[in-house]
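Colleague: Structure provided below as structure tokens; questions to follow.
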Amino acid sequence: MPVFVKVDEYDDVLNLIKLIRKKIDESKETLMKINELKNEEDHQLEMWQNNLAEVEKKIDFVEHSLNEPEHF
């Protein structure tokens, strides 16, 4: 069963499809950028956690050293 549409409506539909494809591509790029930022953020948080753990170890060592009696 053939469907008949006016040529100008057909062109409108084609233009709308092009616009939708463009928006999809832009959305993909945006999601990719967000994912890259999230990965960088995760990396930074991991570094901060490691630095904090290092500082905590050093403080524990100093505290332990100060609380131990001296051996002569």
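Colleague: Lysines within cross-link reach of Lys28: Cα-Cα under 28 Å, excluding same-chain residues under 8 positions apart?
Modeller: Lys18, Lys38
Colleague: Quick check: convex hull of the Cα atoms in the chain, volume per residue, rounded to a whole Å³? Could the numbers behind the result be given before it?
Modeller: On the way: hull volume 7.5 nm³, N = 72.
Given the Cα convex hull of the chain, per-residue volume reads 104 Å³.
Colleague: Right, another one. Nearest 10 degrees, 0 to 90: what angle lies between the long axis of helix 7-67 and the longest principal axis of the chain (Cα atoms)?
Modeller: It works out to around 0 degrees.
Read the figures in this text as sums done on the coordinates, not as results from a lab. Every value quoted in this text rests on a predicted model; they were computed, and no experiment measured them.
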